[in-house]
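J.: This is the structure I have questions about; it appears just below.
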Amino acid sequence: MDVPGPVSRRAAAAAATRLLRTARVPRECWFLPTALLCAYGFFASLRPSEPFLTPYLLGWDKNLTERQVFNEIYPVWTYSYLVLLFPVFLATDYLRYKPVVLLQGLSLIVTWFMLLYAQGLLAIQFLEFFYGIATATEVAYYSYIYSVVDLGMYQKVTSYCRSATLVGFTVGSVLGQILVSVAGWSLFSLNVISLTCVSVAFGVAWFLPMPQKSLFFHHLPPSCQGVNGVKVQNGGVEPKPSRVLVLKVLWNDFLMCYSSRPLLCWSVWWALSTCGYFQVVNYTQGLWEEVMSSRHAAVYNGGVEAASTLLGAIAVFAVGYIKISWSTWGEMTLSLCSLLIAAAVYIMDTVRNIWVCYASYVVFRIIYMLLITIATFQIAANLSMERYALVFGVNTFIALALQTLLTLIVVDASGLSLGITTQFLIYASYFAFIAVIFLINGVVSILKKYRKQEDPESSSQETTS
């Protein structure tokens, strides 16, 4: 038996000091990975050619037809994104984020290299597949930071990372518009800049520290905190959970989350509206080309994208000051705003004026960004970090599944292969349908709530039960 003495007390004090130091490591070391991830997000989003993708594909550089671009090329992104999303979600956690972030950077490089030099329908379809990989792997970017910083820093680092991508996209859009309208640069030159920026992002990603834990496959409880984020317990690393166990946990969490009616309501709107949002954003450049061809007049796609992003960011910032009982009026708000979105898409489609199209698109994006922020807050308010990732992953997957179905029926060459103006009429009707669904649901919810208030006995019985 060890006899307590000055030596053992000094050893215990030293051990306590080491424990306090290691406990402070996550909070002290948040800056470097956050700065690197923000730099990666900024350069990966700094793509001045993106607002001019459709004019570039239809122009003399690629010389593709509208049918090829809208009905045979763009749908490939939707299909690849859907197929890759769930495997990438699991691989991101299993590989601990950084390898998947690197894969995203590499996919962006391949996408823009092919955009510069690939020719022909089949090559551009392969390009869209690689872009599908790049968008599917975004989950690694937005979840990486949670594995290397302390829980108390989540809100701060999340705002930094999302702001970096927002600023990068805005700067890229403005830069592209200035270079095209003022400096007279070619769209090919804009793609060279985009390729350079995503290459810089890929280089930055190599310096990201490799996380030692993840949300599911490498999850370690706080009681096992160790040095530099490696958590130990009783002298060893906690064994990794089996893959079957991880899937069972995911399934049980899925059932538990979606058994909540408020969460289910906001998630349904998330999935339905995101499906329509993707379709409008993906094909709006085609509608602008239909209204005013870039071959015969100057286009301002970059300026419009930048304006809609900035104004949307202001609207998102204002969400924090909105005082409303979302449990009572949330569904009615979703209905009204979905109706406004439907009106904006309808006006964009029917009024054959490019400036009206631009203005309607800005309104459309502002309302969507406002509502999706509210939905994000409402869903995440009572979820743990693990369930947060699961719910948003499932919602995105459902949105992509619906978008795939809509693309197959409306856009794809093997489906109806409708013209761009008819497509947007359908998208406007789609958002109007969402508005009707939530109007009915909202009225029913409000009536039930007021009946409970008028009948205090039944209300007290429900509270007791």
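The values are calculated or read from the model by the stated rules, or taken from the named source; none is laboratory data. Bear in mind the structure is a predicted one, so any value in this text is a computation, not a measurement. Positions of Cβ are backbone-derived with ideal geometry, glycine not excepted, and every protein chain shown enters the neighbour counts. Please note that ligands, DNA and RNA were not included when accessible areas were found on the heavy atoms of the full protein model with its side chains. Shrake-Rupley method; radii C 1.70, N 1.55, O 1.52, S 1.80 Å.
J.: Which order do Phe31, Phe86, Phe364 take when ranked by solvent-accessible area (1.4 Å probe, heavy atoms of all protein chains), largest first?
T.: Per-residue accessible area, sorted high to low, gives Phe31, Phe86, Phe364.
J.: Highest mean first, how do 437-450, 125-138 rank when packing is the count of other Cβ atoms within 10 Å averaged over residues?
T.: Highest mean packing first, the order is 125-138, 437-450.
J.: Keeping every protein chain present and rolling a 1.4 Å probe, give me the accessible area per residue for the stretch 34-176 in Å².
T.: On a per-residue basis, 37 Å².
J.: May I pose another question? Using every pair of alpha-carbon atoms in the stretch 30-179, split the distances into 5 Å bins beginning at 0 and state the percent of pairs per bin, rounded to integers.
T.: Once binned at 5 Å, the Cα pair distances of the stretch 30-179 give 2, 9, 16, 19, 19, 16, 10, 6, 3, 1, 0.
J.: Right, here's the next one. Using a 1.4 Å probe on the protein heavy atoms, what percent of the accessible area of the stretch 275-344 belongs to carbon and sulfur?
T.: C and S atoms contribute 69 percent here.
J.: Still on this structure, please answer the following. Give me the percent of accessible area attributable to carbon and sulfur for the stretch 46-102, probe 1.4 angstrom. Provide the component values of the computation, followed by the final result.
T.: Numbers: 1320 of 2000 Å².
Of all accessible area on the stretch 46-102, carbon and sulfur atoms account for 66 percent.
J.: Still on this model: For Phe431, Phe377, Phe169, give me the order by solvent-accessible area with a 1.4 Å probe, most accessible first, ignoring ligands, DNA and RNA.
T.: Phe377, Phe169, Phe431
J.: Net charge near Phe364: determine it from the other residues with C-beta under 15 Å of the C-beta of Phe364, scoring Lys and Arg +1 and Asp and Glu -1. Before the final figure, lay out the partial values.
T.: Values: positive: Arg365; negative: Glu305, Asp349.
Here the charged neighbours net out to -1.
J.: Can you give the accessible area of Trp206, probe radius 1.4 Å, in Å² rounded to 10?
T.: About 140 Å², rounded to the nearest 10.
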